[in-house]
Amino acid sequence: MSYLTEPEAKELKITNEVNITPPGDSILSDLGIEPATVKSIKPLTKRTQYRAVINWLTKYKPAIDASNLDRVQGYLEVFHHLSEVEAWNQALKILVINITHPENEQLHNQLFTWGYYRNLSELYNIFLEHLANIHPYYQTIFLYGMGKVYYAQGYLEKAIKYYQQALELARKIPDCQQESAILNSLRLVYLYLGNHSQSINYHWQSLVIGWKNHNYQGQAIALNNLGLVFCQQGKYSKAIKYQQESLRILRQSYNPSLEGRVLGSLAQAYGGLENYEKAIAYQQQHLTIMRTIQDRAGEGEALFNLATTLAICKQDSKALKSFQESLEICREIGNRLTEVNVLLNLTAFYQKLGNKDLVRKRCQQAFSIADKLGIPLDSFQQLGSRNLENFPQA
């Protein structure tokens, strides 16, 4: 039961949507910065940077309708000012501030979820140029983070470089949870590169680590990935068995991002069994979760998967709408791997509709991106694109 009046509830909702980080005063306290003593900082150039930090934390107020990036802009500015005076520990605290909406993620992870890859790579690069100044635990996180950014942008060789560096550090620390996550990421990269033996090798390493160290999240990820392998082999019922177990593990804790992706995987398996009603139901659940947590890349992927199933079910107008929405998101955030998948499926979709001009246009766009990324179109057709032959004739 709510004891707030309607105007109070509306005001509280707006406040919660805008204020997604701790108050500036508490952050200053956590950073160990006393506004009253800043005037004693020398030299003047350093004092100027700290005054800017205080101003951004205490005076910056984003508009109610501000973009997600604008809502955290003050903290990004603080990070850069602290970096200018090489206050690495303080800058680190800014990067790992928890963003309370929508999922209580650390700032750098939330930027990735929102799809601000360019902004995030700038932040990571500043730290990666001064790796010796931060703790190995965070070195691993930021190297892995940079790898994820490059993967999302389609630069697979660069992604491998950073994943491997992160993996080496994770094993030295040791950090089994990070090691398992990195191995899973490497698995996916090598799948796109067509190196299936290496991909399977990383998959089994990740699964073993998860079981040995009772890392339930790692186990769930590995089980879902194993299900995807069975999907590629056409063993859909077996895939569902592993994916359902993955979902069961994830639902014992709160992890909507991973839960959404497993729902998407289940949809793929049921689609393989031609149970399209169930596939669409899982895809819509996946899409709802991604939108709720504002995972832009996840939303684009969920729309793409839903569109392909709708096309198979001859729901052309709904399919086209979802394809176009997915394409817009991919281009907005720079997720070029999914963009190629969408373009390839749009090529097949327009071919079935007999629209030769759009077939040529979308095919050329897909080829151009894949060529720049150095990834054969065959890799997309095997991994990301759905069963094009199932698209209905006009």
Phi-based couplings in Hz for the stretch 105-116 (Karplus 6.51, -1.76, 1.60; Gly and Pro marked x): 8, 5, 3, 5, 5, 5, 4, 5, 4, 6, x, 8
Farthest positive-ward along the stretch 48-87 dipole, Cα basis, beta-carbon charges - from Y75, N55, V85: N55
Residue-averaged [θ]222 nm for the chain, counting only DSSP H segments that reach four residues, each worth -39500 (n - 2.57): -24000 deg cm²/dmol
Exceeding the 19 Å Cα-Cα cut-off - candidates K39/K61; K241/K278; K172/K212; K352/K372; K158/K372: K39/K61; K352/K372
Cα→Cβ-extended label distance, 7 Å offset, between E277 and K314, nm: 1.7 nm
Cα gyration tensor shape for the stretch 114-214, rounded if a/c is under 1.5, else prolate or oblate: oblate
Pair N104, N195: separation of 7 Å Cα→Cβ label points (nm): 3.9 nm
Nearest-0.05 FRET efficiency for K356 and Q324, computed from C-beta distance (R0 30 Å): 0.95
Kirkwood-based shape ratio for the stretch 16-110, expressed as Rg/Rh from alpha carbons: 0.97
Cβ charges +1 (Lys, Arg) and -1 (Asp, Glu), total dipole of the chain, debye: 600 debye
Förster radius 45 Å - calculated FRET efficiency between Q232 and A66 (Cβ-Cβ, nearest 0.05): 0.60
Pairwise centroid distance, computed over Cα atoms, of the stretch 121-142 with the stretch 49-115, Å: 16 Å
Helix 176-192 axis, angle to the chain major axis (alpha carbon atoms, nearest 10°): 40 degrees
Space enclosed by the convex hull of the alpha-carbon atoms of the chain, per residue, Å³: 170 Å³
About the Cα centre, charge dipole magnitude for the stretch 14-96 (Lys/Arg +1, Asp/Glu -1 at Cβ), debye: 380 debye
The chain: angle of helix 6-18 to the longest principal axis, Cα-based, in degrees nearest 10: 90 degrees
Cα-projected label distance for K158 with E34, points at 7 Å along beta-carbon direction, nm: 4.4 nm
Using a Förster distance of 51 Å, the FRET efficiency for K372-Y254 (Cβ separation, nearest 0.05): 0.85
Label point 7 Å beyond Cα of H135 along Cβ direction - residues of the stretch 48-88 with amide nitrogen under 11 Å: none
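Here, each number is a calculation from the coordinates, and none is a lab measurement. As the structure is a prediction and not an experimental result, all values here were calculated from the model. Here the Cβ is made from the backbone with ideal geometry for all residues, glycine too, and neighbour counts use every protein chain on show.
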